[in-house]
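The values are calculated or read from the model by the stated rules, or taken from the named source; none is laboratory data. The model shown is predicted, which means the values in this text are computed figures rather than measured ones. In this analysis, Cβ positions are derived from the backbone assuming ideal geometry, glycine residues included, and neighbour counts consider all displayed protein chains. Each accessible area value is taken on the protein alone, full model and side chains, heavy atoms only, with ligands, DNA and RNA left out. Shrake-Rupley method; radii C 1.70, N 1.55, O 1.52, S 1.80 Å.
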Amino acid sequence: MTLQLRTPEAADAAVLGDICYRAFKAIAEAHGFAPDFPSAEAGAGAIGSLIAHPGVFGVAAEADGRLIGSNFLDERNPIIGVGPITVDPALQNDGAGRALMDTVLRRCAERGVAGVRLVQAGYHSRSLALYLKLGFEAREHLSCLKGPALGKTIPGCAVRAATRDDLAACNRLCLHVHGHDRGGELADAIGRGSARVVERAGRLTGYAADIAFSSHAVGETNDDLRALIGAAEAFPGPGFLVPTRNGELMRWCLGEGLQITQTLTLMSMGLYNQPDGAWLPSVIY
């Protein structure tokens with residue numbers, strides 16, 4: 001197989017999205033799990049959005065002139081997120097995945113980024129082995145929770161839509177909890193209208209880009225996260241991610257009827273600070 005790497009174009013979205021859907025479907029169903037993407041069209045929409053976003057770097061792999069996979073870097077924040085990385089199921093374990101990872105990690109090294117992170121499906125032992133061999137460290141065990149919206153309020157916590165005027169306060173909170181902000185990502189969420197903040201005694205104490213698989217949240221305490229989760233109108237995608245070791249929050253979510261659908265691993269290379277506060281990761285990190 002003659003492998004070539006290039007920048008993906010908008011016209012590639014349908015083919016790469018179909019590969020993304022089939023790749024996630026094959027590995028998930030082989031282990032008895034539902035795929036992260038419900039259809040090829042959903043995969044194409046997600047890949048198309050990544051290709052079009054100026055803050056995302058992409059690389060596509062071709063074999064003998066045919067697209068066989070892709071990988072992406074979310075470069076909107078000081079810490080860079082990897083994924084989704086997918087390779088045609090018929091051509092996996094033949095070096096394409098390693099080449100796609102090497103390409104994005106080389107770009108990170110050339111740009112001198114402080115840290116790189118990704119989230120790995122717990123049932124996929126081959127990808128875990130690859131990321132460990134590449135130098136990633138396993139940092140956090142995550143649980144994906146899914147269920148109907150809770151419609152719950154937490155006494156003393158007021159949740160409202162986030163505005164651009166909240167961005168600086170949200171970034172300060174994220175910096176306190178994680179040692180870095182996620183301002184580029186949050187600004188996009190505010191623009192989409194999905195971001196929410198929580199206030200206690202008139203002070204901003206938490207925010208969520210959304211309560212969703214592809215979004216993160218930060219709070220001073222678990223009450224802030226409970227308020228944001230309770231106020232969410234839905235949990236888009238496969239669900240939302242919670243650090244499993246946050247037993248207090250996990251027990252509350254399970255007690256409200258949410259179910260664990262899969263477990264995942266947060267992995268990092270470079271800068272990583274142990275979080276000092278309450279937080280929910282996205283599927284990127």
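Determine whether Tyr123 is open to solvent by less than 40 Å² (accessible area, probe 1.4 Å), part of a helix (DSSP H, G or I), closer than 30 Å to Gly247 by Cβ and not polar (S, T, N, Q). No, not satisfied.
Here the condition is being without any contact (Cβ under 8 Å) to a residue 40 or more places away in the chain and of a type in the set (Gly, Ala, Ser); of Ala99, Ala42, Ala60, Ala26, it holds for Ala42 alone. Within the range 131-151, if we keep just the residues that are under 20 Å from Pro275 (Cβ atoms) and in contact with a helix residue (DSSP H, G or I) (Cβ under 8 Å, 6 or more places away or on another chain), the residue that is surrounded by the fewest Cβ atoms within 10 Å (Cβ to Cβ) turns out to be Ala138.
With respect to being in contact (Cβ under 8 Å) with a residue 24 or more places away in the chain, under 29 Å from Ala28 (Cα atoms) and open to solvent by 40 Å² or more (accessible area, probe 1.4 Å), Arg245 fits the description.
Test Ala96 against the stated conditions and say whether it is in contact with a strand residue (DSSP E or B) (Cβ under 7 Å, 6 or more places away or on another chain), open to solvent by less than 30 Å² (accessible area, probe 1.4 Å) and modelled with pLDDT under 95. When the stated conditions are applied, Ala96 passes them. Yes or no: Leu128 farther than 30 Å from Arg172 by Cβ, open to solvent by less than 40 Å² (accessible area, probe 1.4 Å) and modelled with pLDDT of 95 or more? Taking the combined requirement at face value, the residue does not satisfy it.
Pairing residues of the range 105-132 that are without any contact (Cβ under 8 Å) to a residue 60 or more places away in the chain and within 24 Å of Asp94 (Cβ to Cβ) with residues that are polar (S, T, N, Q) and surrounded by fewer than 18 Cβ atoms within 10 Å (Cβ to Cβ), at Cβ distances under 8 Å and at least 6 apart in sequence or on separate chains, gives Arg126/Asn93.
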